[in-house]
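Okay, structure first, notes after.
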DNA sequence: TACTATTACGAGAGCCGTAAGAATA
DNA sequence: TATTCTTACGGCTCTCGTAATAGTA
């Protein structure tokens, strides 16, 4: 069967006549007549009762018409769904992110995204970099936002922002009263750090090693939240990503302690498969990301609040 | 959207590649490539991710593919349904019949029909001739089988059999012992007849009036069953259609009394709309009808059993 | 090199329109 | 006569195939 023939038959069946069907399809009436004959010949059954003037479908015609109605309703629904997808009123955005980005940076960004495109299904997977890469590779995720960057994959990576590690202290810490604090002073105070081997700790140790310095942690903890708690409790100074402390800084539980001769930064990377034609949902997210990180947010003063 | 384009896209999506899709459709690969581009241009979205060697649908492609699967499944189902209809494994036969035909003639015929075509839905409406004609006219019935025949309709009518009215008597009735019984003898015995004005009674009265005779009913009853009961009870002779008495004759409750000089017959008519192309279910029924009534069943002897 | 997709171009089938014919109310 | 469907025929679009090109493992 030929579905374009079926479309002609269906128009005729709906309108109740060859002439009316032809008008609806903007075809000439003989063309319609001929195409319906072709359809009838192809399937070998009369569809329209031509015995008298009153237009009437045969039972085969009724049967086929009911199928045609469903088929063309589906076609229309498909077109509608595609239009919705293009208008970002339908679709899915699947992002993978590292813990820090996923917990502190993305929630607000995804909130804005959801405000703009409320019908898009959002999926956020928080996992380590290699797992995010794997999930991207198998197309379970569309983009990844991570700090680290493993090599030898087919993924495209671009840096979209920088993450700064900052020293935090309890609000009553004596160093906060100093006008200028140098890195070497940190070594005199107890520190609360991530465990050795973690990406953050490696970065910190490497930055201080460049100055021939070694920090002495009084405590190591597995995540930034625990470090913030320990610092607030006065156990020592901590070093965490500035993304993670805006709330605690704003409410005065901890304070950022600028170090005059020390900046520890790491790039934040955007990962994606090298698709030339990106999904509309992804393109919209990347646009949003660019708007927020086109210029790096400035850090001014000790109590700067991150833009996000 | 063009559904023939969609078919090409769907084959490619199913097979996972332009080349494989082309093989399945028995088309050249460039043709497939071009048609898919045409489809993408028409709907304005990329459907297939061409960024690397691994064939993959975009999310729009996935969406459209799922609709295509449903659309073409429906198309296949429609073709299957039509084939079933042609093979008389699906369909409907709606017959209207008068009481006598519907109750005594059709059950066996429809039993045979059902044995041949067990999946055809059978509808039998028992009603008077004018109602049957009306229902035929509005296409609620496909054929009608009636005794009478009202005029001025657009229905085609053909006689398919004759119905003989026979005199019945209780098995111990004295006339049954006579070798030859003439019509005038009937007038000497009490008769149980249908009420005046009924089609059957009109026929009887007319036949006897032609011989200048008038029957004297001792009782009039509204239907043949009641007449048979009255006759069996010895109230008198009855005149009923031979279609209605085969059971009672066979089991000896009543006997047929042949009248040498009297034959009361009426034609049985087949009514249908003047469709040139008849439904397969109807054609099959008409064939069956012709096989059984091609020659009128002979009546031999007094206890003849009707062929049906 | 082998495989896959795209581009280019020509041939042919099939679709559609105009005009005329047939049937019916 | 007016309306509706069918038949006849010619043009044109669209689809398909062959051949050549490009990109990738």
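Nothing in this text is a laboratory measurement; each read-out follows from the coordinates by a stated rule. Every value quoted in this text rests on a predicted model; they were computed, and no experiment measured them. Quick reminder, even Gly has a Cβ in these numbers, built from the backbone with ideal geometry, and neighbours come from all protein chains shown.
In table form, for the structure just shown:
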{"quantity": "Label-point separation, residue A:205 to residue A:180 (7 Å along Cα→Cβ), nm", "calculated": "3.1"}
{"quantity": "Segment A:54-122: relative contact order in percent, alpha carbon pairs under 8 Å with at least 6 residues between", "calculated": "36"}
{"quantity": "Choice from A:229, A:37, A:86 showing the highest fluctuation, given a GNM over chain A with Cα pairs closer than 10 Å", "calculated": "A:37"}
{"quantity": "Relative contact order %, segment A:4-127, counting alpha carbon pairs below 8 Å whose residues are six or more apart", "calculated": "18"}
{"quantity": "Mean Cα-pair separation over length for chain A, i.e. relative contact order, pairs under 8 Å, 6 or more apart, %", "calculated": "19"}
{"quantity": "Gaussian network model of chain B, Cα within-10 Å springs - most flexible of B:214, B:132, B:254", "calculated": "B:214"}
{"quantity": "Of A:15, A:279, A:147, the one that fluctuates the most in a GNM where chain A has Cα springs shorter than 10 Å", "calculated": "A:15"}
{"quantity": "Residues B:239, A:71, A:235 arranged by fewest to most Cβ contacts within 10 Å", "calculated": "A:235, A:71, B:239"}
{"quantity": "Nearest-first distances (nm) between copies at residue B:134, label 7 Å from Cα via Cβ", "calculated": "7.7"}
{"quantity": "Ranking of B:206, B:114 by count of other Cβ atoms within 10 Å, fewest first", "calculated": "B:206, B:114"}
{"quantity": "Neighbour-count ranking [beta-carbon atoms within 10 angstrom, fewest first] of A:1, A:85", "calculated": "A:1, A:85"}
{"quantity": "C-alpha long axis of helix B:199-209 to longest principal axis of chain B, angle in °", "calculated": "40"}
{"quantity": "Estimated distance in nm for a label pair at residue B:92 and residue A:265, the labels positioned 7 Å out from Cα along Cα-to-Cβ", "calculated": "7.7"}
{"quantity": "Distances in nm from residue A:197 to the matching label points in the other copies, shortest first (labels 7 Å along Cα to Cβ)", "calculated": "10.8"}
{"quantity": "Two-site FRET efficiency, residue A:23 against residue A:56, from Cβ-Cβ distance with R₀ of 30 Å, rounded to 0.05", "calculated": "0.95"}
{"quantity": "Förster radius 22 Å - calculated FRET efficiency between residue A:247 and residue A:219, Cβ distance, rounded to 0.05", "calculated": "0.50"}
{"quantity": "Degrees, to the nearest 10: B:59-86 long Cα axis against longest axis of chain B", "calculated": "30"}
{"quantity": "Angle in degrees between helix A:3-15 and the longest Cα principal axis of chain A, rounded to the nearest 10", "calculated": "70"}
{"quantity": "Cα-projected label distance for residue B:73 with residue A:77, points at 7 Å along beta-carbon direction, nm", "calculated": "1.1"}
{"quantity": "Teacher prompt: residue B:267 distances to equivalent labels in other copies, 7 Å Cα→Cβ, nm", "calculated": "9.9"}
{"quantity": "Identity and axial distance of the chain A residue whose Cβ lies nearest the axis relating A to B, Å", "calculated": "A:3, 2"}
